[in-house]
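*Asks:* Let me begin by handing over the structure; questions about it come next.
The values are calculated or read from the model by the stated rules, or taken from the named source; none is laboratory data. Here the structure is a predicted model, which means the values were calculated and not measured. Positions of Cβ are generated from backbone atoms using ideal geometry, with glycine treated the same way; all protein chains shown enter the neighbour counts.
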Amino acid sequence: MGWKKLSSRTVWENDWMRVHEDEVINPGGGENLYGHVHFKNHSVAIVPLDENGNTWLVGQDRYTLGAWSWELPMGGAPLGEALIDAAQRELREETGLTAADWTEVMQLHTSNSITDECGFVFVARDLTMGETEFEESEDLEIRKLPFSEALAMIERGEITDAISVAALLFVASRKPSSP
């Protein structure tokens, strides 16, 4: 039978997201309220790789977690902006890096039971170092490390961000283009 939406209302909204509450009939035939979040941006994450097999992570205190988080450089791509433009901007702002070679490698949904957010992952190569351009809300620690150490951080539970974990493991699994 699938889901059937009976009604929908916006319960909260800001510049980045909208929270909906829908009256639905679920696949089993029962009526429920279903809350979900619509993001007004796509997410872009970048796996920067240099010729020596290194990558870069950014660390920051995440308000939502109340904890420190190591992640790939990433940010928002407003709907309508070219994903590659957003990825290039985010890499430069958060690490100071620019790249001559870009490849989009995957698309994923971050938590598809409660949000329609879509994430896109790029690999950036042929890197040049420059200056960072942090946003007001960013107080980042930048860490250059061997790609293999980033994978070990996943195994030790030190990287828990879903997009970062998926992207790093995906890149590691690609034998011909592995770092």
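*Asks:* Would you mention how many residues in segment 8-40 are part of a loop (DSSP other than H, G, I, E, B) and either farther than 14 Å from SER113 by Cβ or in the same structural domain as ASP116 (by TED's automatic domain parsing) (or both)?
*Replies:* Of the residues in segment 8-40, 7 are part of a loop (DSSP other than H, G, I, E, B) and either farther than 14 Å from SER113 by Cβ or in the same structural domain as ASP116 (by TED's automatic domain parsing) (or both).
*Asks:* Being of a type in the set (Asp, Glu) and either at pLDDT below 95 or surrounded by fewer than 18 Cβ atoms within 10 Å (Cβ to Cβ) (or both) is the filter here, so list the residues in segment 48-74 that pass it.
*Replies:* Once the filter is applied, which keeps residues that are of a type in the set (Asp, Glu) and either at pLDDT below 95 or surrounded by fewer than 18 Cβ atoms within 10 Å (Cβ to Cβ) (or both), segment 48-74 yields GLU51, ASP61.
*Asks:* Also: Quick one: ASN52 ticks every box in (1) of a type in the set (S, T, N, Q); (2) assigned to a strand (DSSP E or B); (3) within 30 Å of ARG174 (Cα to Cα) except a single one, so which number is it?
*Replies:* (2)
*Asks:* Is segment 77-89 home to any residue that is outside the structural domain of GLU21 (by TED's automatic domain parsing), assigned to a helix (DSSP H, G or I) and either on the phi > 0 side of the Ramachandran plot or hydroxyl-bearing (Ser, Thr, Tyr) (or both)?
*Replies:* There is no residue in segment 77-89 that is outside the structural domain of GLU21 (by TED's automatic domain parsing), assigned to a helix (DSSP H, G or I) and either on the phi > 0 side of the Ramachandran plot or hydroxyl-bearing (Ser, Thr, Tyr) (or both).
*Asks:* How about segment 81-123: which of its residues are among the polar types (S, T, N, Q) and over 12 Å from the mean Cα position of the chain (by Cα)?
*Replies:* Listed by number, the residues that qualify are GLN88, THR95, THR98, THR103, ASN112, SER113, THR115.
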